[in-house]
Amino acid sequence: MKKLVTILTAVLLVNTVIGQESTGPITRMNLGEAKSPALKSTSPVDSTFHYISDTLGLPFFDDFSLSRFQQYNANITDPNVTEELFYKLTDLSDNPLPVNTVLTSEITYRKTVDFATSETDTTHFVPVQIKKANFAQFPVIYTTTYAYPPYIIIDTIGFVNDPDTIWVNTPDLLQDSARIFHVAINDPNALWLDSYAYHNYTFAVNPWSLGVVTFDGLDETGYPYAFGSTTSGVADFLTSKPLDLSGFAAIDSLYMSFLAQPEGFGDVPETNDSLVLEFFDPALMQWNRVWSMRGGPNAEFRVVHLPVKQNIYLVDGFQFRFKNYGGLSGSLDHFHIDYVYLREASGYQDSIYEDFAWSYPVGSLIKDYTSVPWDHWKNNFAGKMNDATHVVVRNTNPVDKNPAVSTVTVRHAGAVEGSFTMADPIITGNSGNENYLAMTTVSSYHNFSTGYHFDETLPGDEVTFDIKGIATIQEPTFNQNDTCYAQQVFSDYYAYDDGSAEKAYGVTGVQARMAYKFTAYEADSLLAVRMCFVPSVNDVHNKLFLLTVWADNNGVPGSVLYTDEFTNTRTPVYEDGIGQFTTYYLKDTMRLAVPQTFYVGWRQIDADRLNIGLDMNNPNADKIFYSLNGGLTWTNSTYEGSMLMRPVFSTELNFDLAVDAVEAALPWQVYPNPTTGNLSIEWRNEAEFPGAVCRDAQGRTVSMLEKGSQQLQMDLTNVPAGIYFVELTGAVRQVKKVVRY
């Protein structure tokens with residue numbers, strides 16, 4: 001048997017085919033449960049909330065720097081909530097019928113049978129007219145119908161017995177009630193009634209300010225409108241609240257402006273895809289198309305400027321909405337909008353937004369990475385603050401603007417830790433000009449390596465700092481967007497990415513290798529690799545790969561430090577939520593001593609691209625390598641992005657520290673092991689229990705115990721047989737292997 005396995009391995013090593021790297025669209029983003037239900041309730045209507053929108057005035061302006069979607073989270077005790085009780089059956093005067101009313105729409109009758117003469121007489125009961133409610137939708141609609149007694153009477157002449165009563169088996173007119181809770185919305189800060197489109201800060205290329213709204217083939221929960229199909233049609237909507245335009249009938253200076261961009265960092269929409277703007281006519285209760293844009297490759301944001309002059313729109317209750325036509329099976333055929341502005345005192349020539357804004361959040365303040373293990377920072381912080389932090393701003397004024405003092409402030413737990421002055425931001429990013437040029441996006445890099453550094457004395461295993469950036473100009477006409485916010489997170493991993501994937505990435509080819517280069521702040525013990533796989537057009541969740549770690553060989557992957565056995569293969573896992581990573585532990589939760597420069601990745605079995613998430617906002621192609629010939633030669637990626645792949649370190653353990661000594665300080669056991677399903681944890685003091693999580697070999701959570709749990713038991717009866725890992729979640733993370741048989 002051993003010989004057979006050896007031969008099989010050898011065959012797999014040489015059985016390579018020519019492949020290539022590629023990217024693809026994301027077909028699902030898994031945002032979780034719906035954030036905002038529709039304004040009309042759906043079946044069943046009982047105990048549902050009916051939201052009554054407030055009406056807004058002008059100006060209507062949204063630059064999408066913040067989410068201004070209306071939230072639907074009312075409780076029945078809120079002061080703006082009223083209730084209304086509807087009865088299913090009423091008389092013609094709308095008075096409810098008695099609560100025990102049972103009737104039928106089936107014609108019923110009384111039949112008389114005379115055995116002596118063999119004569120039969122049938123008399124239909126006289127119906128009554130009632131109203132019947134439809135509880136399948138709101139508003140509740142009543143229809144008039146005829147109702148009969150829910151029985152048939154058979155009277156036999158010549159017998160002393162009482163007449164026989166035959167009841168209708170399923171009478172369809174039974175009294176019922178539904179209680180509807182009406183919510184009067186009064187939130188002028190919320191501008192949009194729905195959130196099917198996706199508010200984000202990463203999908204557009206060179207946006208004019210922080211934040212855009214993206215239209216694709218995913219609903220508001222992140223799932224495709226038509227999963228697994230090739231169907232195209234109307235996908236996302238973005239609908240404004242009602243607006244009162246009744247006072248503008250006599251003027252001709254009411255204009256609507258916005259910016260639109262196809263593709264961005266997403267999927268290019270085909271020419272038969274489109275983004276559409278519609279206006280609502282309240283009198284006829286219909287939507288009318290007033291503008292559209294066809295799909296095409298990425299381009300600069302287009303300025304759209306439209307008059308609103310028709311009398312049918314200059315009324316109370318006017319609305320507008322954007323919608324897109326495209327593929328319905330995933331994050332496909334992208335369009336992005338920004339700076340939606342409806343205002344008076346405008347004209348055909350008034351299509352310039354006078355603003356100065358951040359285009360993206362301020363870049364990482366630490367060198368090379370967006371995150372590093374906190375232990376590594378504490379031990380090696382000297383010289384690790386970033387000397388080239390990336391800043392992108394936009395001057396959307398029609399004239400050049402003089403820069404003012406710009407700053408970046410760092411806070412921890414609300415307290416100011418330190419600050420920087422961004423000196424000479426234009427010299428590096430604006431062709432040496434001393435001013436921000438008109439209608440220009442400026443990309444610059446700033447030296448934050450001197451002065452403040454993140455406080456290495458703060459306690460904890462994970463420390464988060466809040467970053468506030470202010471980039472201003474002298475005499476701003478509009479300064480809402482001159483501030484941005486970000487976070488610097490120190491945990492137990494290294495990361496180049498921002499946690500958001502815009503594309504699916506990988507390499508095609510049997511036995512292809514994918515490797516990601518990291519140069520750690522110190523040599524340490526590698527525990528696992530976190531990866532964020534994203535579903536794409538081809539489903540590869542059942543494709544196998546071997547987790548692999550390489551040493552460095554003059555700038556490319558060298559000798560293999562670790563690789564899975566063929567009895568311990570992995571598969572891509574699609575987690576719920578944007579930027580949710582799966583933790584792939586090394587076999588038997590071993591700690592692997594790695595040098596400062598190392599590579600993590602995989603060796604795939606089949607030719608299919610495995611679709612790791614690719615962050616298109618942080619270029620690190622020089623760190624991404626792939627091999628199509630068994631690792632003999634390696635090629636750098638041509639895609640400027642960062643894979644959502646993060647090596648995890650046992651940050652509280654140095655690789656030459658005895659693990660047994662640490663475990664002796666925290667004695668705990670899991671039993672029985674092996675187990676048929678019921679697993680207990682032995683802990684010295686339940687009140688001090690730090691919490692634990694049980695994961696399968698792919699890193700997926702199958703059971704969890706909270707900190708301080710009183711019953712230290714995990715139920716594994718419903719999980720398949722295999723190897724599982726129970727990990728403490730307290731200050732010292734320890735793992736024990738469990739066999740479920």
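Scanning the stretch 306-321 for residues that are under 15 Å from GLY57 (Cα atoms) and not in a strand (DSSP E or B) gives VAL308, TYR313, LEU314, VAL315, GLN319. Restricting attention to the stretch 535-566, the residues being among the hydroxyl-bearing types (Ser, Thr, Tyr), more than 23 Å from ALA697 (Cα to Cα) and either surrounded by 19 or more Cβ atoms within 10 Å (Cβ to Cβ) or touching a Lys or Arg at 6+ places or on another chain (Cβ under 6 Å) (or both) number 1. The condition of being on the phi < 0 side of the Ramachandran plot, touching a Pro at 6+ places or on another chain (Cβ under 9 Å) and of a type outside the set (S, T, N, Q) holds for TYR599. Does SER331 meet the test of being in contact with a Leu (Cβ under 7 Å, 6 or more places away or on another chain) and closer than 16 Å to THR214 by Cβ? Against the criterion (in contact with a Leu (Cβ under 7 Å, 6 or more places away or on another chain) and closer than 16 Å to THR214 by Cβ), SER331 qualifies. Pairs needed: first member in the stretch 365-387, not assigned by TED's automatic domain parsing to the domain that holds SER444; second member anywhere, modelled with pLDDT of 95 or more and assigned to a strand (DSSP E or B); C-beta distance under 8 Å; at least 6 residues apart or different chains. Hits for this filter: zero, empty list. None of ILE180, ILE154 is among the aliphatic types (A, V, I, L, M), under 49 Å from the mean Cα position of the chain (by Cα) and either closer than 20 Å to THR90 by Cα or in a strand (DSSP E or B) (or both) except ILE180. Could you please let me know if ILE166 is surrounded by 13 or more Cβ atoms within 10 Å (Cβ to Cβ) and either over 23 Å from THR90 (Cα atoms) or over 44 Å from the mean Cα position of the chain (by Cα) (or both)? In short, no. Return the residue satisfying two criteria in turn: it lies in the stretch 495-516 and is among the hydroxyl-bearing types (Ser, Thr, Tyr) and surrounded by 24 or more Cβ atoms within 10 Å (Cβ to Cβ), and of such residues it is farthest from PHE265 (Cα to Cα). Going through the qualifying residues, I end up with TYR516. Quick check on THR571: is it closer than 24 Å to VAL735 by Cα and outside the structural domain of ALA697 (by TED's automatic domain parsing)? Judged against the criteria, THR571 is a match.
Of everything listed in (1) surrounded by fewer than 16 Cβ atoms within 10 Å (Cβ to Cβ); (2) within 22 Å of THR202 (Cβ to Cβ); (3) at pLDDT below 90, the single unmet condition for SER22 is (3). The residue that is farthest from PHE215 (Cα to Cα), among those in the stretch 281-295 that are of a type outside the set (A, V, I, L, M) and either in a strand (DSSP E or B) or touching a Lys or Arg at 6+ places or on another chain (Cβ under 9 Å) (or both), is ASP281.
Restricted to the stretch 317-375, and to residues there that are under 26 Å from the mean Cα position of the chain (by Cα) and of a type in the set (Asp, Glu), the residue that is farthest from ASP244 (Cα to Cα) is ASP333. Applying the set (1) closer than 27 Å to GLU575 by Cβ; (2) at pLDDT 95 or above to PHE227 leaves exactly one unmet item: (2). Looking across the stretch 140-161, the residues that are out of contact with any Ser or Thr (no Cβ under 9 Å at 6 or more places or on another chain) and under 30 Å from SER47 (Cβ atoms) come down to VAL140, ILE141, THR143, THR144. If a residue must be within 13 Å of ASP498 (Cβ to Cβ) and either crowded, with 21+ Cβ neighbours inside 10 Å or touching a Pro at 6+ places or on another chain (Cβ under 9 Å) (or both), how many such residues does the stretch 362-396 contain? The number of residues fulfilling the criteria is 6.
For the stretch 584-623, what are the residues that are among the hydrophobic types (A, V, I, L, M, F, W, C) and in contact with a Gly (Cβ under 8 Å, 6 or more places away or on another chain)? Result: ALA607, LEU610, ILE612, LEU614, MET616, ALA621. Going through (1) modelled with pLDDT of 85 or more; (2) of a type outside the set (Gly, Ala, Ser); (3) in contact with a Ser or Thr (Cβ under 6 Å, 6 or more places away or on another chain) one by one, VAL735 falls short only on (1).
Would you confirm whether any residue within the stretch 265-283 is exposed (fewer than 14 other Cβ atoms within 10 Å of the Cβ), free of Cβ contacts under 8 Å to residues at least 60 places away in the same chain and charged (D, E, K, R)?
No, the stretch 265-283 contains no residue that is exposed (fewer than 14 other Cβ atoms within 10 Å of the Cβ), free of Cβ contacts under 8 Å to residues at least 60 places away in the same chain and charged (D, E, K, R).
For the stretch 336-344, does any single residue satisfy the condition of being in a loop (DSSP other than H, G, I, E, B) and surrounded by fewer than 22 Cβ atoms within 10 Å (Cβ to Cβ)? Checked the stretch 336-344: at least one residue is in a loop (DSSP other than H, G, I, E, B) and surrounded by fewer than 22 Cβ atoms within 10 Å (Cβ to Cβ).
Put simply, of ASN272, ASN298 the only residue that is of a type outside the set (Gly, Ala, Ser), modelled with pLDDT under 95 and not in a strand (DSSP E or B) is ASN298. Within the stretch 569-609, the set of residues being buried (at least 19 other Cβ atoms within 10 Å of the Cβ), within 26 Å of VAL738 (Cβ to Cβ) and among the aromatic types (Phe, Trp, Tyr) comprises PHE581, TYR584, TYR585, TRP602.
Here are SER364, SER371: which of them is closer than 19 Å to GLY460 by Cβ and among the small types (Gly, Ala, Ser)?
None of the other options fit; the residue is SER371.
Across the stretch 517-534, the qualifying residues are those that are crowded, with 23+ Cβ neighbours inside 10 Å and under 30 Å from PHE227 (Cβ atoms), and the one among them that is modelled with the lowest pLDDT is VAL534. Where strands (runs of 3 or more DSSP E) fall wholly inside the stretch 436-536, the ranges with 3 or more residues that are among the hydroxyl-bearing types (Ser, Thr, Tyr) are 440-446. The number of residues in the stretch 405-424 that are crowded, with 16+ Cβ neighbours inside 10 Å, over 31 Å from the mean Cα position of the chain (by Cα) and closer than 24 Å to GLY211 by Cα comes to 2.
The values are calculated or read from the model by the stated rules, or taken from the named source; none is laboratory data. All figures in this text were calculated on a predicted structure; none of them were measured in a lab. Cβ coordinates were reconstructed from backbone atoms using ideal geometry, including for glycine residues, and neighbour counts include every protein chain displayed.
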